[in-house]
2 protein chains.
Amino acid sequence: MTRIGVLLSGRGTNLQALLDQVHGADAEIVCVASDKEDAPGLRRAREANVQTRTFPVDSFADRDARDAAIADWLEEERVDIVVLAGYMAILSPQFIARFPDRVVNVHPSLLPAFPGMRAVEQAVEYGVRVFGVTVHLVDDGVDSGAIILQRAIELPEMSDPTEVHQLLQGIEHELLPEAVRLMARGAVSRDPANPRRLIVAP
Amino acid sequence: MTRIGVLLSGRGTNLQALLDQVHGADAEIVCVASDKEDAPGLRRAREANVQTRTFPVDSFADRDARDAAIADWLEEERVDIVVLAGYMAILSPQFIARFPDRVVNVHPSLLPAFPGMRAVEQAVEYGVRVFGVTVHLVDDGVDSGAIILQRAIELPEMSDPTEVHQLLQGIEHELLPEAVRLMARGAVSRDPANPRRLIVAP
């Protein structure tokens, strides 16, 4: 079965969605790492009997050394797919290079609009009418990797980022497990005519 | 009744949508101008007994002089709202300043993603799964003005810009008349808490 490693920094609701919808069925979540020792999401992993480890940056010489240690652990655990589920640190290019086209991220905007931090706040400030969620492969840029899935939601009246974020999280909890399932069964590939674009088999 | 002036450069299918859905009901299209003497859209205006005039750039000293002449004509015709319906030239800041918050444009992307020319091609090349249409007020930037309406369409499989464009044009033909109707009845205003955002009364 496809082996999944998850990185998180916060509450871990996307990890929970993966545990509920994917774990033990389409793939196995074998380990969960966090950059924060007190990330509440780690408890969800332990409750599901998934091993956890924390990699606080001040235990390492620098960010690259920390990322190398995380990558080492994921490789020891023979992880096929790395899922960023609310992981707030930027991963080094060296980390990404060790898992080419195998690191997945979920982002609360319709990329390429509003990459980076505070995406929902940015979108509300811009005054958009349509919000959305993107699940994408991670490359060296900020939220710039090839798109696996996107879903839009029209919220023309909404101007409170907290409300919008809540609605988008509901979508994240569907879209991320769906993308991981598709990757686990090998349904995601590069379009030979345009490698920037992914083909997702139905 | 609210008086509408339309600028176009091409086939004028968005003008036709306005003639069919708005003209004589919620607003009156009083004049249609084009930068191109052979724009096929001009025929649609004439068939609806709407006066037309062309402003080819080589009849004027420069672009600013041309834009000033267009603005003079629109003012003579006491136009309340200027609609860009496939108008391919960039309007001068002086033109925009003469019709503050009264120039409307329709764009085949979910702005701020993919502004400018070849928006659909850009989106296909990027590999997005969700496309869409934006109707916005025109400011000095390129497709950067405040958003009136947006509508999204999920086309996860589609990689042919022509097909995508056809589907988006169907949405443009609904969204642009809807936005013009809203503006004509004064339902669009700036959000005092964030003037970059528009409030659209239901």
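The values are calculated or read from the model by the stated rules, or taken from the named source; none is laboratory data. Remember, it's a predicted structure, so these values are computed and weren't measured experimentally. Every residue, glycine as well, gets a Cβ built from its backbone with ideal geometry; the counts of neighbours run over all protein chains shown. Side chains included, ligands, DNA and RNA excluded: accessible areas come from the protein's heavy atoms. Shrake-Rupley method; radii C 1.70, N 1.55, O 1.52, S 1.80 Å.
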Q: Answer with one residue from A:Pro192, A:Val106, A:Val130: the one whose Cα lies farthest towards the positive end of the charge dipole of segment A:3-200, charges on Cβ with Lys, Arg +1 and Asp, Glu -1.
A: A:Pro192
**Q.** Residues in segment A:135-179 occluded by at least 50 Å² - accessible area, probe radius 1.4 Å, against chain by itself
**A.** A:Ile147, A:Gln150, A:Glu154
Q. Considering the zone a paramagnetic label at A:Ala48 would reach in this model (a point 7 Å from Cα along the Cα-to-Cβ line), which residues of segment A:62-97 have amide N under 18 Å from it?
A. A:74, A:77-88
Q | Added length on full extension, which subtracts the Cα-Cα distance from 0.36 nm per residue, A:Gln94 to A:Arg11 | A | 27.2 nm
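Could you work out [θ]222 nm for the protein assembly as shown from helices alone, using -39500 (n - 2.57) per DSSP H run of at least four and dividing by all its residues? Round to the nearest 500 deg cm²/dmol.
After summing the helix terms and dividing by the residues of the protein assembly as shown, the value is -10500 deg cm²/dmol.
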Q: Between copies, how far apart are the A:Ala48 label points? List them in nm, one decimal, shortest first, with each point 7 Å from Cα toward Cβ, please?
A: 5.6
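Can you pull out the GluC sites (Glu not before Pro) in segment B:118-184 whose DSSP state is coil and whose Cβ has at most 16 other Cβ atoms within 10 Å?
Passing sites in segment B:118-184 are B:Glu157.
Ranked from the most accessible area to the least, with a 1.4 Å probe and all protein chains present, what is the order of B:Met117, A:Met158?
If we order B:Met117, A:Met158 from most to least accessible, we get B:Met117, A:Met158.
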**Q.** Percent carbon-and-sulfur accessible area, the protein assembly as shown, ignoring ligands, DNA and RNA, probe 1.4 Å
**A.** 50 percent
Q: Return one number: the angle in degrees, 0 to 90 and rounded to the nearest 10, between the long axis of the Cα atoms of helix B:161-184 and the longest principal axis of the Cα atoms of chain B.
A: 50 degrees
(Q) Compute accessible area for segment A:89-116 by itself and then with all protein chains, 1.4 Å probe, and report residues whose area falls by 50 Å² or more. (A) A:Pro112
**Q.** Rounded accessible area per residue of segment B:3-200, 1.4 Å, Å²
**A.** 42 Å²
Q) Using θ = phi - 60° and the Karplus form 6.51 cos²θ - 1.76 cosθ + 1.60, what ³J(HN,Hα) does each residue of segment B:56-70 get, whole Hz, x for Gly and Pro? A) x, 4, 6, 8, 10, 4, 7, 4, 4, 5, 4, 4, 5, 5, 4
Q.
Please report the projected area of the protein assembly as shown's Cα convex hull averaged over all directions, in nm².
A. 22.2 nm²
(Q) I'd like the antiparallel share, as a percent to the nearest 5, of DSSP beta bridges with both residues in the protein assembly as shown. (A) 45 percent
Q | Spin-label pair B:Met117/A:Leu167, simplified geometry with 7 Å Cα→Cβ offset, distance in nm | A | 3.6 nm
Q) For chain B, what is the Kirkwood hydrodynamic radius in Å, using each pair of distinct C-alpha atoms? A) 17.2 Å
Q. Using a probe radius of 1.4 Å on protein heavy atoms only, what is the accessible area buried between chains A and B, both sides summed, to the nearest 100 Å²?
A. 2400 Å²
Q | Cα centroid of segment A:88-152 to Cα centroid of segment B:54-127, whole Å | A | 32 Å
Q | Per-copy distances of the B:Asp160 label point, shortest first, in nm (7 angstrom along Cα→Cβ) | A | 4.6
